[in-house]
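Working notes, beginning with the structure itself.
The values are calculated or read from the model by the stated rules, or taken from the named source; none is laboratory data. All values reported here derive from a predicted model rather than from experimental measurement. With ideal geometry, Cβ positions are generated from the backbone for all residues, glycine too; neighbour counts draw on all protein chains shown. Heavy atoms of the whole protein, side chains included, go into the accessibility calculation; ligands, DNA and RNA do not. Shrake-Rupley method; radii C 1.70, N 1.55, O 1.52, S 1.80 Å.
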Amino acid sequence: MTALTLIPDFDLTAHNTLALTARSRFGVKIERAEDFPALYALAAEQNLPLRILGGGSNVVLSQDFDGITALVSITGGGIIENGPDATVVEASAGETWHDFVVFTIDKGLGGIENLAGIPGTVGAAPVQNIGAYGAEVADVFESLLAYDTTTGTTRTFTGPECKFAYRDSVFKYEPGRYVVLSLCLRLKRDWQPNLKFAGLSELEGTPDLTPRQVMDRVVALRNSKLPDWRVTPNAGSFFQNPIVSLEDAAPVLAEFPTAPSFPQPDGRTKLSAGWLIEKTGLKGFRMGRAGISERHALVLINLGGATAEDIAALATHIKTSVQSRFGIALHEEPVFT
Ligand SMILES: Cc1cc2nc3c(=O)[nH]c(=O)nc-3n(C[C@H](O)[C@H](O)[C@H](O)COP(=O)(O)OP(=O)(O)OC[C@H]3O[C@@H](n4cnc5c(N)ncnc54)[C@H](O)[C@@H]3O)c2cc1C
């Protein structure tokens, strides 16, 4: 067993896509799944809180965390089963999600091309059931391996055990209980492109369409719509699209009959958070060192030197404004930690 090296006064500014000024009392890179038990034992011994960080693309980090921040950096993976109907691919939690997508495409496998270009790690992908362009990780999920910090054991989760829903899973019910160590996806041989989403439908009818062509289109669409977090620090969509009753949606739809509204299987409807914010007149709005992107009303940006408090104040202003304009409550997507 290798000794864990805790780095004191760890600067996390380069470890979150909002580039928030943030430090942790200790930071540590975990490169082997076997090191988690020792890490949790160490944190308990020193009576320090421990938090898990992947690529930092879905978090709002507090300026000073008086504990240990563990960066999940376990790499590896490959094809683990090549059946006649499907191929099962595995990746360790610290792999970059987009690299995993490219790996599957390079192997001639389709199934996660619509999820290309999403920042972050493989381990975080099932936590919030990442989704884009009409697809989500749950669609192709096979299983995952997680470390249970409560029992100190590792366990395998099947799809139903993960309780996947829109940007949700069992791993959000008890934050911090499980550390995802690796993920397996089942990619079917008879790949059918998923082109329902606006922007992809124009690929319909392309002769011999390949997963790579769909991936390239997805990446191009994302680049044209979303500000690049490396240039304009952000955490992607800051609010979940609200799923509301038809009664709650009625005032919005009465005033704007063409407002985006997507009927749900349970009879409710999903409204567009970005559309609501834009119609509230907040696109491009700035508040101190934080602002709303001019390009996309759902994206909060760091204008330079922002802290979690600046982002939280802006998020509160947006929620209050949308609530008073439309009577709809918005909920943040990133985790404040
Ligand atoms: C520009 C941009 C675009 C985005 N577009 C999309 C999109 O289209 N669709 C979408 O769904 N999301 C999108 N996101 C959000 C983000 O990319 C995803 O949520 C991603 O899965 C987060 O991965 P991460 O490794 O950065 O997680 P982090 O931000 O590091 O962590 C997020 C949460 O997951 C926990 N966590 C991280 N790793 C693990 C692990 N191994 N085990 C257990 N818990 C863990 C953390 O503790 C934290 O609570 C976007 C973000 C940005 C910046």
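Of Leu314, Leu300, which residue is at pLDDT 95 or above, within 24 Å of Thr13 (Cα to Cα) and in contact with a Phe, Trp or Tyr (Cβ under 6 Å, 6 or more places away or on another chain)? Even if it seems obvious, please write down each step before you answer.
Working: Leu314 fails: in contact with a Phe, Trp or Tyr (Cβ under 6 Å, 6 or more places away or on another chain).
After applying the criteria, what remains is Leu300.
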Test: residue in the stretch 148-160 that is in a helix (DSSP H, G or I) and open to solvent by 60 Å² or more (accessible area, probe 1.4 Å): yes
Only residues that are of a type outside the set (Val, Ile, Thr), within 16 Å of Phe164 (Cα to Cα) and surrounded by 22 or more Cβ atoms within 10 Å (Cβ to Cβ): list them for the stretch 116-134, please. Gly123, Ala124, Ala125, Pro126, Gln128
Filter the stretch 100-145 for residues that are in a loop (DSSP other than H, G, I, E, B) and over 16 Å from the mean Cα position of the chain (by Cα); which is nearest to the ligand (Cβ to nearest atom)? Gly111
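I'd like the residue in the stretch 176-195 that is in a strand (DSSP E or B) and in contact with a Pro (Cβ under 8 Å, 6 or more places away or on another chain) and, out of all such residues, is surrounded by the most Cβ atoms within 10 Å (Cβ to Cβ).
Quick first cut of the stretch 176-195, residues in a strand (DSSP E or B) only: 178-188.
Within this subset, residues satisfying the condition of being in contact with a Pro (Cβ under 8 Å, 6 or more places away or on another chain) are 180, 183.
Details: Val180: 25, Leu183: 28.
Checking each candidate, the answer is Leu183.
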Quick check on my filter: what residues within the stretch 206-225 are open to solvent by less than 60 Å² (accessible area, probe 1.4 Å) and either within 16 Å of the ligand (Cβ to nearest atom) or in a helix (DSSP H, G or I) (or both)? Pro211, Val214, Met215, Val218, Val219, Ala220, Leu221, Arg222
Which of (1) of a type in the set (Ser, Thr, Tyr); (2) out of contact with any strand residue (DSSP E or B) (no Cβ under 6 Å at 6 or more places or on another chain); (3) crowded, with 22+ Cβ neighbours inside 10 Å is the odd one out, the single condition Tyr173 does not satisfy? (3)
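So which residues in the stretch 226-244 are open to solvent by 40 Å² or more (accessible area, probe 1.4 Å), more than 17 Å from the chain's Cα centre (by Cα) and touching a residue at least 12 places away in the same chain (Cβ under 8 Å)?
Correct list: Thr232, Ile243.
If I filter the stretch 156-177 down to residues being more than 13 Å from the ligand (Cβ to nearest atom) and either at pLDDT below 95 or charged (D, E, K, R) (or both), which single residue comes out as nearest to Lys270 (Cα to Cα)?
Restricting attention to the stretch 156-177, the residues satisfying the condition of being more than 13 Å from the ligand (Cβ to nearest atom) are 156, 158-161, 163.
From the residues that got through so far, the ones that are either at pLDDT below 95 or charged (D, E, K, R) (or both) too are 161, 163.
Details: Glu161: 25, Lys163: 20 Å.
Ranking the candidates gives Lys163 first.
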